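The values are calculated or read from the model by the stated rules, or taken from the named source; none is laboratory data. Keep in mind it's a predicted model, so treat the numbers as computed, not measured. Here the Cβ is made from the backbone with ideal geometry for all residues, glycine too, and neighbour counts use every protein chain on show. Surface areas here come from the heavy atoms of the whole protein model, side chains and all, with no ligands, DNA or RNA. Shrake-Rupley method; radii C 1.70, N 1.55, O 1.52, S 1.80 Å.
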Amino acid sequence: MSKAPSEIQRAPITPESRESEPRREQTLTAPGAPSPTIGSAPDRTGTPAPAKRRDAYFDNVKYLAIVLVAVAHAWEPVMDGSRTARALYMVVYTFHMPAFILVSGYFSRSFDMSSAKVKRLVTGVVVPYVLFETAYSLFKRYAGGEADTSVTLLDPLFLTWFLIALFIWRVTTPLWQSLRHPLPVALAIAMLASVSPGIGDDLDLQRVCQLLPFFVLGLLMKPEHFQLVRRREVRLLSLPLFAGAAVFAYWAEPHMRLGWFYRSNSAQEMDFQWWTGPVMTLAMFGCAMLLTIAFLAWVPRRHMWFTVLGAGTICGYLLHGFLVKGAGYYGLFDRYEWLSGPVGLVVVSVVAAVAVTLLCTPPVRRALRFATEPDMNWAFRRSPAKR
């Protein structure tokens with residue numbers, strides 16, 4: 001039987017994937033971020049392209065967002081005993097992936113299915129998905145001791161879902177750009193997905209559909225919109241907004257299911273009545289946009305010490321999951337119970353932030369280029385020379 005949201009009690013986070021709650025037989029799988037917006041593959045067509053000057057603001061956005069992703073993942077094994085930590089987790093999860101996806105959509109505006117763009121999509125998104133989906137499956141099988149774990153590309157494991165989602169969103173970009181009112185259509189699809197348990201788990205299509213509006217909104221954005229977001233008045237208004245969000249999350253935490261933030265299940269699968277799906281879809285979209293604007297307003301515009309790391313966030317995103325999962329497989333959080341206390345939460349947060357920062361550095365990016373930016377000229381036809 002379904003029950004109203006007010007009757008839902010706190011849902012514990014299962015150790016398997018503390019990010020996707022609940023999947024039919026389990027209760028809770030994640031992000032991250034990132035893609036060609038996080039570090040896209042260069043165009044190796046043989047003709048040197050003119051160097052483009054990177055925008056420090058967007059590199060700063062990507063780095064700070066990936067830090068939030070890593071810290072939130074690190075909180076998952078230790079936050080159950082703290083109402084404050086769970087409330088902060090809810091606030092972060094409301095906007096960190098929507099912000100990533102919106103920026104991804106913004107940088108996908110020029111995607112037109114040309115041969116060069118398709119090649120970059122394959123080398124920068126599809127290949128990393130195949131390699132890291134396989135790597136995480138094998139890591140779970142051997143390091144996690146789950147010998148029955150199969151290697152499949154149809155059911156994204158942990159944070160690899162974002163790559164396959166980005167592929168689907170980007171391939172459909174020409175469609176969204178041809179519609180007269182793309183955002184209402186995307187919101188309608190998200191609301192319908194929230195009441196459609198039959199969608200299933202293949203390619204994490206629930207997430208693909210429910211997070212689609214943020215990507216479509218990014219496609220519609222223009223540089224002047226980001227200029228408006230960075231105005232002084234918006235920065236000042238964002239402070240009470242974040243404070244109010246934290247207070248509300250603390251109040252709502254005992255009654256809120258984390259599945260609403262992960263968007264990986266329909267309302268019926270979370271034991272809610274069907275009509276709560278569309279209502280929560282719109283409510284979560286509105287809350288996510290307010291907090292995303294507040295976040296973007298405070299991102300520095302100038303070149304910072306961490307700006308250079310924005311080009312390597314794909315590495316930080318894909319690699320930090322091994323650290324979080326490895327710590328869980330090793331039993332680190334169970335062995336040191338003090339990590340669930342206030343001091344432990346601070347330590348976990350700092351370690352996660354430092355670790356993902358190191359994983360975004362240029363040496364790591366160069367070492368991982370074979371997987372995130374592979375040279376695959378051998379697999380593609382040479383484009384005919386223009387006359």
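A few points about this structure:
- Prolate/oblate/rounded call for region 66-122, Cα gyration tensor, a/c under 1.5 rounded: prolate
- For Leu239, solvent-accessible area (1.4 Å; no DNA, RNA or ligand), Å²: 100 Å²
- In the chain, the DSSP-assigned H stretches of four residues or longer account for a calculated mean residue ellipticity at 222 nm of -17500 deg cm²/dmol, using -39500 (n - 2.57) per stretch and the full residue count as denominator.
- Excluding ligands, DNA and RNA, the accessible surface per residue across region 227-270 is 51 Å² with a 1.4 Å probe.
- Most tightly packed first, judged by the mean number of other beta-carbon atoms within 10 Å of their residues, the peptides 327-334, 351-358 read 351-358, 327-334.
- Remark: region 260-354 carries a charge dipole of roughly 440 debye about the Cα centre, counting +1 on each Lys and Arg Cβ and -1 on each Asp and Glu Cβ.
- Which listed pairs, of Lys117/Lys325; Lys62/Lys222; Lys117/Lys222, have C-alpha distances above 27 Å, in listed order: Lys117/Lys325
- Put a plus charge on the Cβ of each Lys and Arg, a minus charge on the Cβ of each Asp and Glu, and nothing anywhere else: the dipole of the chain about its Cα centre is then about 1920 debye.
- The Kirkwood hydrodynamic radius of region 212-295, based on inverse pair distances between different Cα atoms, is 14.7 Å.
- Rounded to 0.05, the FRET efficiency of the Ala243 and Arg382 pair, given R0 = 51 Å and the Cβ-Cβ distance, is 0.35.
- Solvent-accessible area assigned to carbon and sulfur over region 126-189 amounts to 68 percent, based on a 1.4 Å probe.
- Counting only protein heavy atoms and a probe of 1.4 Å, the accessible surface of region 190-344 is 71% carbon and sulfur.
- Each residue of region 141-148 was assigned a 3J(HN,Hα) from its phi angle through the Karplus curve 6.51 cos²θ - 1.76 cosθ + 1.60 (θ = phi - 60°); the sequence is 5, 9, 7, x, x, 9, 5, 8 Hz, with glycine and proline shown as x.
- Plainly put, the chain has a radius of gyration that is 0.95 times its Kirkwood radius, both from alpha-carbon atoms, as the Rg/Rh ratio.
- Tyr250 contributes an accessible area of around 100 Å² to the protein surface, as traced by a 1.4 Å probe with all chains present.
- Rolling a 1.4 Å probe across all protein chains gives Asp112 an accessible area of roughly 90 Å².
- Residues whose amide H lies under 5 Å from that of Phe272, counting only those 5 or more places away or on a different chain, are Lys3; hydrogens are built 1.01 Å from N in the peptide plane.
- For region 130-218, the solvent-accessible area works out to 41 Å² per residue, with a probe of 1.4 Å and every protein chain left in place.
- Extension gain for the segment Asp201 to Asp375, taken as residue separation times 0.36 nm less the Cα-Cα distance, is 59.5 nm to one decimal.
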